[in-house]
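Report on one structure; see the data block that follows.
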Amino acid sequence: MQLAQRLNSVTEPQTIKMAKMSRELKAKGINIVDLSLGEPDFKTPDHIIAAAVKAMNDGFTKYPPVAGFPDLLEAISIKLKRDNNLDYATSEILVSTGAKQSLYNAVMSIVDPGDEVIIPTPFWVTYASQVQLAGGVVKYINCGIENDFKLLPEQLDQAISPHTKLFMFSSPCNPTGSVYSKEELAALVKVFRRHPQVLIISDEIYEYINYSGHHVSIAQFDEIKDRVVVINGMSKAYAMTGWRLGYMAAPREIVQACEKLQAQSTSGANSITQKASVVALLSDLAPTYKMVDAFKERRDYVIGALKKMPGVKSNNPDGAFYAFPDISAFFGKKYGEYVIHNDLDLSMYLLNEAHVATVCGTAFGAPTCIRLSFATSMTNLMQAMEQMAVALAQLI
Ligand code: PLP
């Protein structure tokens, strides 16, 4: 069968591949501690579930407007002002089926074949795949652990060319947990001011999962706000991954283009989820902060445990719920029939020998690292760290 060539550049995400492999081992009766997936292990708060039930009973079971229900657009506008001091009219907001679709809409509306898109690495793999689907050319900038995996202004300045159309990043970052401070963003903004043709996608889905203080959005810099697409959603902050609701806030022209695209793809986000999201966005954030407290405790434990393992180098993630240690010290080492050549070998070794599922760093453009999600119970994390420590110590 002759399938479309545009799919040749797209691979199955390693995160999903690893989850599949660990499910297979679990089906064989092996107790795998799964640290591969990026979703909160908490239940969606009851008041949000109740709002969804009410929406169904109230008859919100028909096609919603393509851009989103007016009350949800209003709630997002209120949230952006309340939490980020950002002014967006409802006509500058578009609701989609998860932040992933918001990103997809934005990339497809901005990137033409041959356009250059700058992505600092490590990055969330979906960015590169979406750019490639649009025919764009990804230009990666390597950001090392020595600078907490953050992009320096001089690196950005060097990477931008006359062909650069777009820059994409996340803060807090998946997979590194790095959070850009106001000063660090200001330094990047200074560079963007010199290159007015570059648009910016700022993925802020982990906004609340921040252990270092208050979230800063690059859209808060007035001098570039008219070039920024803010992406956010319900998945991480409200434990609503399965509900599929994301949104963008952006200049009207971009929102209108994305609405056109969405009208011919999904017709808009799930009506029931939208109604529940209005309640989530306008209610107290206490359940979110309770989750964040639990993530912080787990972060402290996991990073402490990793730092005690000889050969493992880790940053101190200030946000999100991932550890992203450098494990290159194990390359060239062996145990029994296992030989560790690279990150994938180590990830497979940990799965088979320590029974811990991780994701290799190559999936995020960082082949010296692996990603461990700490969005699971302390009991699971303690078991995983103990088993990992034993398995890594066996490698010589
Ligand atoms: N952006 C980042 C950085 C993510 O890690 C994820 C999910 O893992 C998403 C966006 C997508 O979130 P959603 O569930 O809203 O599609």
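The values are calculated or read from the model by the stated rules, or taken from the named source; none is laboratory data. Just so you know, these numbers come straight off a predicted model, no measurement behind them. When we count neighbours, we look across all protein chains shown, and the Cβ atoms used for this are built from the backbone with ideal geometry, even at glycine. Side chains included, ligands, DNA and RNA excluded: accessible areas come from the protein's heavy atoms. Shrake-Rupley method; radii C 1.70, N 1.55, O 1.52, S 1.80 Å.
Some values worked out for this structure:
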read-out	value
Selection from Ser178, Val66, Gly233 lying farthest towards where the dipole of region 46-282 points positive, charges on Cβ	Val66
Translational diffusion of region 202-310, µm² s⁻¹ [Kirkwood Rh, Cα pairs; Stokes-Einstein; 4 °C; 1.567 mPa s]	79 µm²/s
Heavy-atom accessible surface of region 280-335: percent carbon and sulfur, 1.4 Å	53 percent
Too-long pairs where the Cα-Cα distance tops 20 Å, listed order kept, from Lys100/Lys236; Lys81/Lys290; Lys43/Lys290; Lys17/Lys100	Lys81/Lys290
Helix-only CD estimate at 222 nm, as mean residue ellipticity for the chain, using -39500 (n - 2.57) per DSSP H run (n ≥ 4)	-12000 deg cm²/dmol
Cα-only radius of gyration and Dmax that characterise the chain, units Å	21.0, 64
Quotient of C-alpha Rg and 2.2 N^0.38 Å, computed over region 46-282	0.99
Gained length - Asp284 relative to Tyr301, 0.36 nm times residue gap less alpha-carbon distance	3.3 nm
Cut-off 17 Å (backbone N to label point 7 Å along Cα→Cβ of Ala263), residues of region 78-107	91-96, 105-106
Zone of Ser212's modelled label, taken as backbone nitrogen in region 143-167 under 18 Å from a point 7 Å along Cα→Cβ	143-156
Radius 13 Å from Cβ of Ile224, net charge of other residues (Lys, Arg +1; Asp, Glu -1)	+2
